[in-house]
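Before any comments, here is the structure.
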Amino acid sequence: MILKLGKCTQKDNLKKKKTFITCNNNHLKKNIKLFELEFSEKKVKNCKLAKEFLLDNTVTQIECLRTNNEAENFRKNYCAAGTISGEINIWDINNMMEEEPLITFRNENSMFSTDIIATGFKKNKNCPQKNKEFSSSLAWDPISMNNILEGTSVGSLNYWDIKRGNKIFKFKINDLTVSSLNWRTSNKNQFLFLSGNYISVFVDTRDPKLAYREVFDRELKGIEWLNSENIYATLETSGKISLKDIRFQKDAFFSKKINNTHKTDKIKFYQLSPGKKNLLTIDDKGNITTFFLHGFKIDKIKSKKTINHMLSDFLWVKIGSNDSLLIIDNNTNFSLVSS
């Protein structure tokens, strides 16, 4: 499940209503939702589901254009959807189920022939299969919306020129699934990703074949650049978070086990706030926990048990100078967790 949020400034909070996008990639559902939030005195007064786009099981990965995820002007919002047929479709979110994709391009080693029709995605009983290539991770270029980075189920990295529909480069690390693609904060030519569950890879687009690999002893859930020039974080499935400096590839200079209360529960989902000062984790027992990251210290903010977190949406909103988490259930009831 991947959720992305555009920037919201303090000036924006003076407006009564704003629309935000959530992008859901979990195995039970793949959808895009547009929520209309009403603010009053720096508080969320009301939450309304404005639009929802349900995608069928031909879609393996969806990624909203993160620089435009605050959708006051729907025409400026785009989504990339990778399918089991090896295609990537670029949609205008406002017209996603009314028109054909703006652009469609595909990998050479596709395994199915899947038609995309104007009313949406045609149902297909085929499911992703082992050793078949499909999109497992997507990340829009942070500088130009004309480029998108794709990781695949067979270990390939494809850097696409969207307008031309061709690849700027393609290379393969190994046969393991690529996940957790994210661009470096200070240098937009560099990115990190996970190869399988135990290998992190650092790549520079200017010379992609000189990729740096690091093998870990324990299973990783994700890897993320922080709001720092050289610092990134690794999150183990066991719930241990570590901070590392890309300049010195050795042991982490800081690490902490963040789920000591539930020692046997594994992290199933995590999300950093846009400012990367707050962390949301959900374990396999449905325990939702938020943390505040400052300096070398991680403080627990709130823990909550949910019956089925797969039916909830998690939206980071900026209220005043703080990033706050909005938890929205299937009936659009919401609760706010402030940092």
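The values are calculated or read from the model by the stated rules, or taken from the named source; none is laboratory data. Note that the structure is a prediction, hence the values are computed from the model and not measured. With ideal geometry, Cβ positions are generated from the backbone for all residues, glycine too; neighbour counts draw on all protein chains shown.
Looking at this structure, is residue 174 among the polar types (S, T, N, Q) and under 22 Å from the mean Cα position of the chain (by Cα)? So residue 174 fails the test. Residues that are modelled with pLDDT under 85 and part of a strand (DSSP E or B): does segment 127-140 have at least one? Checked against the condition, which is being modelled with pLDDT under 85 and part of a strand (DSSP E or B), segment 127-140 yields no hits at all. Scanning segment 178-206 for residues that are of a type in the set (S, T, N, Q), touching a Ser or Thr at 6+ places or on another chain (Cβ under 6 Å) and closer than 17 Å to residue 235 by Cβ yields one hit, 179. Can you name every residue in segment 212-243 that is outside any strand (DSSP E or B) and not hydrophobic (A, V, I, L, M, F, W, C)? 217, 218, 219, 227, 228, 229, 230, 237, 238, 239, listed by residue number. Of these, 336, 279, which one is surrounded by fewer than 18 Cβ atoms within 10 Å (Cβ to Cβ) and assigned to a strand (DSSP E or B)? After applying the criteria, what remains is 336.
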